[in-house]
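Participant: Structure incoming, see below.
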Amino acid sequence: PRAPAGMGTVPEPCPQAPLAVLSKVELRVSCKHLLDRDTLNKSDPCVLLLMQTQGQWMEVDRSEVIKSNLNPVFAKIFTVDYYFEEVQKLRFEVYDSHGHAGVGTHDDDFLGGMECTVGQIVAQKRVTKPLFLKYGKFAGKSTITIISEEISGNNGYVELAFRAKKLDDKDLFSKSDPFLEIYRIDDDHSEQLVYRTEVVKNNLSPVWEPFKVSLNSLCSCEEKRKLRGVVWDYDSRGKHDFIGEFFTTFEEMQKAMGENKVQWDCMNPKYKIKKRNYKNSGIVVLLDLKIHRVYSFLDYIMGGCQIHFTVAIDFTASNGDPRNSCSLHYINPYQPNEYLKALVAVGEICQDYDSDKKFSALGFGARIPPKYEVSHDFAINFNPDNDECEGIQGVVESYQSCLPKIQLYGPTNVAPVISKVARVAADEERTKEASQYFILLILTDGVVTDMADTREAIVRASYLPMSIIIVGVGNADFTDMQILDGDDGVLRSPKGEPVLRDIVQFVPFREFKNASPTALAKCVLAEVPKQVVEYYSYKAFPPRCLRPPTPDPTLGSPQ
């Protein structure tokens, strides 16, 4: 039986957003070049998965023990709950197991550990990192690889049911104990274990339990990708006997839908060469195949969709002189101001989903050099050709260095920054691919002055791959800002045109003043996954990994 699913942390409810839609992520683990702790045999590795909850590392689950193997591929699939709006820290620890005594926790048994976040794994799909011993020391050349797949209900799934007939008997005093492994063959010709069935004891015509795997996991969403099935005779010491193999594709497997069945000769290449009348080492039959296709936020992220993050900061005079400690823009060397707290809380989540880690940073409502004319969409790094900063830290540094160079002025016009990001999003939309989605974080200390233009800009933006988060900083009366957040009804343009979808989330920062910084991020980002899926579903853009390949005109027609 499968071990119970991992337990994720449930985010706290926030005053305005519902709890995030829960997704589950499957993590597959393999290691290479593990340290050899045993004197007579090789190490018997086992992996423990821990998750950080309120600063404490808690064990979520552990893998099976693989006997005598320094390069294990674990069949155990770890399942963790996934929240886009949280930084979820994971730790993988590899131990040398000692039979019935279980997994030891002595330093002698520890083969290495690695830490990362769930966001990093799902954004990169495959993460390989070195293993470390205590005190930051490398565990030799040991590495651990984590591969992520999303699961949620029947999302992007294929259900398969296999059996075999007349397999070769490998045992002297009883019949073989067969199990089946399915591998995906990747572009670099490496093989990725997709699934390992249970062992059926003492049976040459086994019927294995039906199982589900994601299409991404099975064939990288490519129907013609080569797959390899291998049948083994189980050995309790880990030295399983090879019975035979077969090759197929998901395209061929689909012939098993409905009443049909597909079967393959299970071949042993050595016997084929040696034995004159060799036919096969048995037959493997796919009894049934069911497909479920529903796309989710993680399908788009794992398909390569990047989240591009832009912050727009209010530099109007109502913030107060930045040199005065009462100013909302005052730079306190000991504690970040509200602008910085909000920026870092939201930006730290988004950065895991942007491979180049470059963020656009804009300002509005200030007079800027050299002519000191008022601008409502200037780059805070003062580079009109490239408003991007290196990482969240780069945005923080640009913000701090631009304050002495500008004059806080007004009014609070945000339509220009919405339109600026919308122009970039419109260029992206023309690619007709789910490759980039834009999040605009607007930090402002007051109600917007250009409400009519802002409503018009939001209606236009609702047709584009973008979401808008507005955080109200300071103690102003933000009642009129609630109109922009469509939670209480449908936002309309001045001419009465409704938004296509609700893309704005507004919260006053003061509601989170006494909460942890993560509470703000949880609240304002909770709706983003739903907004991403709504947009791409409306456009009927599948995740990029599911798009049919475009023929390369330079290659000519196939022969």
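Participant: Determine, yes or no, whether Glu209 is loosely packed, with under 14 Cβ neighbours inside 10 Å, of a type outside the set (A, V, I, L, M) and assigned to a loop (DSSP other than H, G, I, E, B).
Facilitator: Considered against the rule, which asks whether it is loosely packed, with under 14 Cβ neighbours inside 10 Å, of a type outside the set (A, V, I, L, M) and assigned to a loop (DSSP other than H, G, I, E, B), Glu209 comes out as yes.
Participant: For region 312-328, give me each residue that is open to solvent by 70 Å² or more (accessible area, probe 1.4 Å) and free of Cβ contacts under 8 Å to residues at least 24 places away in the same chain.
Facilitator: Correct list: Arg323, Asn324, Ser325, Cys326.
Participant: Starting from residues that are open to solvent by less than 10 Å² (accessible area, probe 1.4 Å) and assigned to a helix (DSSP H, G or I), keep the ones in region 395-414 and report whichever is nearest to Ser462 (Cα to Cα).
Facilitator: For region 395-414, the residue satisfying everything is Val395.
Participant: When you look at Leu286, is it in contact with a helix residue (DSSP H, G or I) (Cβ under 7 Å, 6 or more places away or on another chain), in contact (Cβ under 8 Å) with a residue 60 or more places away in the chain and of a type in the set (A, V, I, L, M, F, W, C), yes or no?
Facilitator: In short, yes.
Participant: Residue check: is Ile331 in contact with a helix residue (DSSP H, G or I) (Cβ under 7 Å, 6 or more places away or on another chain), surrounded by fewer than 23 Cβ atoms within 10 Å (Cβ to Cβ) and either of a type outside the set (Phe, Trp, Tyr) or farther than 19 Å from Lys513 by Cα (or both)?
Facilitator: When the stated conditions are applied, Ile331 passes them.
Participant: Let me ask another. Filter region 463-479 down to residues that are crowded, with 24+ Cβ neighbours inside 10 Å and small (Gly, Ala, Ser) and give me whichever is nearest to Tyr538 (Cα to Cα).
Facilitator: So, considering only residues that are crowded, with 24+ Cβ neighbours inside 10 Å and small (Gly, Ala, Ser), the one nearest to Tyr538 (Cα to Cα) is Ser467.
Participant: Counting only residues that are modelled with pLDDT under 90 and not small (Gly, Ala, Ser), how many does region 94-121 have?
Facilitator: 8
Participant: Please tell me if Asn260 is open to solvent by 60 Å² or more (accessible area, probe 1.4 Å) and over 34 Å from the mean Cα position of the chain (by Cα).
Facilitator: Yes: the conditions hold for Asn260.
Participant: Cβ-Cβ below 9 Å, separation at least six or inter-chain, first residue in region 257-276 and assigned by the TED database to the domain that holds Val230 and without any contact (Cβ under 8 Å) to a residue 60 or more places away in the chain, second among the basic types (Lys, Arg) and part of a helix (DSSP H, G or I): which pairs?
Facilitator: Listed by first residue and then by second, the contacts come to Lys261/Lys255; Val262/Lys255.
Participant: Another question, if that's okay. Among residues belonging to region 335-355 that are part of a loop (DSSP other than H, G, I, E, B) and at pLDDT 90 or above, point out the one that is surrounded by the most Cβ atoms within 10 Å (Cβ to Cβ).
Facilitator: Ranking the candidates gives Asn337 first.
Participant: Could you tell me how many of the residues in region 329-378 are on the phi > 0 side of the Ramachandran plot and of a type in the set (A, V, I, L, M)?
Facilitator: 0
Participant: Are any of the residues in region 134-153 touching an Asp or Glu at 6+ places or on another chain (Cβ under 6 Å) and under 29 Å from Tyr353 (Cβ atoms)?
Facilitator: yes
Participant: Another question, then. Which count do you get for residues in region 50-60 that are open to solvent by less than 20 Å² (accessible area, probe 1.4 Å) and farther than 19 Å from Gly119 by Cβ?
Facilitator: Going through region 50-60 one residue at a time, the tally reaches 0.
Participant: Right, something else. Under 6 Å between Cβ atoms, which residue pairs at least 6 apart in sequence (or on different chains) link something in region 199-225 that is of a type outside the set (A, V, I, L, M) with a partner that is open to solvent by less than 70 Å² (accessible area, probe 1.4 Å) and part of a helix (DSSP H, G or I)?
Facilitator: Cβ pairs passing all conditions: Cys219/Phe250; Cys221/Leu215; Cys221/Cys545; Cys221/Leu546; Glu223/Phe250; Arg225/Cys219.
Participant: Looking only at region 30-49, which residues are open to solvent by 20 Å² or more (accessible area, probe 1.4 Å), of a type in the set (A, V, I, L, M) and at pLDDT 90 or above?
Facilitator: If the condition is that a residue be open to solvent by 20 Å² or more (accessible area, probe 1.4 Å), of a type in the set (A, V, I, L, M) and at pLDDT 90 or above, then Leu35 is the only one that fits.
The values are calculated or read from the model by the stated rules, or taken from the named source; none is laboratory data. Worth saying up front: this structure is predicted, and the values here are computed from it rather than measured. Note: ideal-geometry Cβ built from the backbone for every residue, glycine included; neighbour counts use all protein chains shown. Ligands, DNA and RNA are stripped out before the accessible areas are found, and what is left, the full protein with its side chains, is counted by its heavy atoms. Shrake-Rupley method; radii C 1.70, N 1.55, O 1.52, S 1.80 Å.
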